[in-house]
Amino acid sequence: MQPASPDALLAAIAQSGNEVTQGWMRLLAAQPQLQKNGELQRSYLDKQAKLWTALLAGRRESLVESDDRRFAAREWRENPFYDYLRQSYLLASQYIEQLIESAPLAGEAKDRARFAARQWIDAMCPANFPATNPVALRTALDSKGESLTRGMANLLADTGKGRISQTDESAFELGRNVAITAGDVIFENELIQLIQYRATTREVAKRPLVMIPPCINKYYILDLQPENSFVGYALEKGHTVFMVSWRNVGAEHGHFTWDDYLELGVFTALRVAREIAKSEQVNALGFCVGGTLLGAALAVMAAKGDASVASVTFLAAMLDFRETGQIGLFVDDASVAAREASIGRGGLLQGTDLAFVFSSLRANDLVWPYVVNNYLLGGQPAAFDLLYWNSDSTNLPGPMYCWYLRNTYLENKLKDPGALENCGVPVDLGKVELPMFGLATREDHIVPWRSAYRTLGLLGGEDKQFILGASGHIAGVVNPASKNRRSYWIGAPYPEEPEDWLAQAKEHKGSWWPRWSEWLEKHGGGRRKAPSKPGNVQYRPIEPAPGRYVRERIH
């Protein structure tokens, strides 16, 4: 997801951190904290004085070293002035981090202080400013100022977009080189289009596979290019695949609720797929927020005695929100109440606002490298399909978003039997007794793997399999079997605590996709001849995939 105006993040930090900051300042002024801070300050000032003295004497004083890639250029070590800037910055960073760690704060209070400090530290890096970046100055001289002209043009262009460009967007086009798996839109309503992909095998599983992607991004993360398309892989393994394509909602859709996303989205997709495939049951898959929606939908179905789903796959999805990672730092009573007052009864959460928050969680990967490359050096980002998708953010209806924020991130009610009511019935995940496959990724900063693991204890039933993949929220999921990269961990039984499971899990090299395919094969319901054409008499093709809804961009 992509950054927009910095006002959104600054407001979130200020709002969520105000109480923490006031308490922290009181604690810092107390004994023995004052003495501890004094010792840290004396050590810091002593090291800075040594650096400054060495610079004036024309010699190099090595007080702090780092393999930080921001300082990879030779000038940061060979030039005394830039070596001083580098070390001075690193010393200051260490000092701020030590102050945070020594502060008598606990839990979320310390996490918020760490996050706010890290945002400031990352922003103040001398590599982020033209006057203190030797590579930017050298490039400007070598190009006779052309790099500065290009950088200004890039900045103006991104200002118009409301975000920082992270990839060469001209290199990609939906339906041409991303989201190109052959298929047809066979159903649509106000909120979704449903795509049925064309079979690539002579026989297919009797039960179709319905994919519910996240509604805060476009579906084609699961269908990027042929070499890394999860949709394509499922088709190769003999499944009839249906994909929900969520609409990038506009002002006229600002009234949609969480229940609308269940009724118009999940339930409708499952029903239509079942009717087209002439199957009493389907297999369902949910990714990220799509998994949260699917979990809630399955609880509603269980309450109503609806057994039309045979198995469920959760990819990097949370149903228990007790550990939400850094995203949770933006969520407190005041911030949620403010959202509810502004858009809770109607309106939109702009995709650019949410995108900026997500990028800020990894600012040194998703913000500052592109500031330096695009604006200081006048460069163009490389073409990368994942980042092209990442830039294609979507709006959310205010009522739906506010309900989601309060009942999951803030109050974590989804996990508690009967605490919530969806579509007129109590939600009890324990009544969902389906075979379950769960994937989490070890470095996921959106869905911490420990939270995803706890889904095992929430759902009923005995047939459960959990895999922990390497890498992060996206790269860990989009890990093609053909490339055989990275690794994953498996193991059973499944104790209550995630760390206890990890201690006995075994690492395996390569992609987790084949493991999932073997598991899903058991729940396919047998084989039948592949359909010769999409849809049926009732559901006729509307347009070729990827469809209109996915093409609706914010910018």
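Compared with the dominant principal axis of the Cα atoms in the chain, helix 33-57 is inclined by about 60°.
Charge tally around MET436: other residues with Cβ under 11 Å, Lys/Arg +1 each, Asp/Glu -1 each, net -2. In straight-distance terms, cross-link reach from LYS413 covers every one of the lysines whose alpha-carbon lies under 22 Å from its own, apart from those fewer than eight places away in the same chain; here that gives LYS304, LYS431.
Carbon-plus-sulfur accessible fraction, the chain (probe radius 1.4 Å, protein heavy atoms only): 53%. Database remark: amide H of ASN422 closer than 5 angstrom to the amide H of VAL427 (H placed geometrically; neighbours at sequence offset of 5 or more, or on other chains; Pro and chain starts carry no H).
The distance separating the Cα centre of region 207-239 from that of region 531-555 comes to 15 Å. Among the GluC sites (Glu not before Pro) found in region 486-555, those both in a DSSP coil and sparsely packed, with 12 or fewer other Cβ atoms within 10 Å of their Cβ, are GLU496. Using the 1.4 Å probe convention, the accessible area of the chain works out to 42 Å² per residue with neighbouring protein chains retained. Relative to its Kirkwood radius, the Cα radius of gyration of region 267-361 gives an Rg/Rh of 1.07. Kirkwood hydrodynamic radius computed over region 131-270 comes to 18.4 Å, based on all pairs of distinct alpha carbons. Along region 259-267 the Karplus relation, 6.51 cos²θ - 1.76 cosθ + 1.60 evaluated at θ = phi - 60°, assigns HN-Hα couplings of 4, 5, 5, 6, 5, 7, x, 5, 4 Hz to successive residues, with x for each Gly and Pro. Taking the C-alpha atoms only, the angle from helix 289-303 to the longest principal axis of the chain is near 40 degrees. Near the amide H of GLY438, within less than 5 Å, lie the amide hydrogens of PHE314, GLN465, PHE466, ILE467, all on another chain or at least 5 residues away, with H placed in the peptide plane.
Sequence-ordered 3J(HN,Hα) estimates for region 328-343 from the Karplus curve with 6.51, -1.76 and 1.60 and θ = phi - 60° stand at x, 5, 8, 10, 9, 4, 5, 5, 5, 4, 5, 5, 4, 5, 8, 10 Hz, glycine and proline given as x. Shape annotation for the chain: C-alpha extents along the principal axes are 84, 57, 48 Å, from largest to smallest. Shown in residue order for region 414-423 are the 3J(HN,Hα) couplings computed by the Karplus curve 6.51 cos²θ - 1.76 cosθ + 1.60 at θ = phi - 60°: 4, 6, 8, x, x, 6, 10, 10, 10, 6 Hz (x for Gly and Pro). The amide H of VAL178, built 1.01 Å from its N in the peptide plane, has GLU173 as neighbours under 5 Å, considering only residues 5 or more places off or on other chains. Across the alpha-carbon set of region 301-446, the Rg to Rh ratio works out to 1.04, Rh being the Kirkwood radius. Comparing PRO426, MET301, ASN536 along the charge dipole axis of the chain, the residue lying farthest to the positive side is ASN536, per the Cβ-charge model. Take the alpha-carbon centre of region 372-390, take the same for region 266-308, and report the distance between them in whole Å. Centre-to-centre (Cα) distance: 38 Å.
So what is the orientation-averaged projected area of region 354-433, using the convex hull of its C-alpha atoms, in nm²?
Averaging across all directions leaves 8.2 nm² for the Cα convex hull.
Count charges around VAL249 for me, please; just the other residues with Cβ under 10 Å from its Cβ, Lys/Arg as +1, Asp/Glu as -1.
Residues close to VAL249 contribute a combined charge of -2.
From its DSSP helices (H runs of at least four residues, each -39,500 (n - 2.57)), the chain gives a residue-normalised ellipticity at 222 nm of -11500 deg cm²/dmol. Only protein heavy atoms count here; on that basis, with a 1.4 Å probe, ASP463 has an accessible area of about 70 Å². Excluding same-chain neighbours fewer than eight residues apart, the lysines reachable from LYS237 by a Cα-Cα span under 22 Å are LYS206, LYS278, LYS464, LYS483, LYS509, LYS522, LYS529, LYS533. With contacts taken as Cα pairs under 8 Å and at least 6 residues apart, the chain reaches a relative contact order of 20 percent. Charge dipole (Cα centre; +1 on Lys/Arg Cβ, -1 on Asp/Glu Cβ; no other charges) of the chain amounts to roughly 1100 debye. Using only Cα atoms, tell me the angle between helix 351-360 and the longest principal axis of the chain; keep it within 0 to 90° and round to the nearest 10. Long axis of 351-360 versus the principal axis of the chain: about 50 degrees.
The values are calculated or read from the model by the stated rules, or taken from the named source; none is laboratory data. Just so we're clear, the structure is a prediction, and the values are computed from it rather than from any experiment. Heads up, the Cβs are rebuilt from the backbone with ideal geometry, glycines too, and the neighbour counts pull from every protein chain shown. The accessibility values were calculated without ligands, DNA or RNA, using every heavy atom of the protein model including side chains. Shrake-Rupley method; radii C 1.70, N 1.55, O 1.52, S 1.80 Å.
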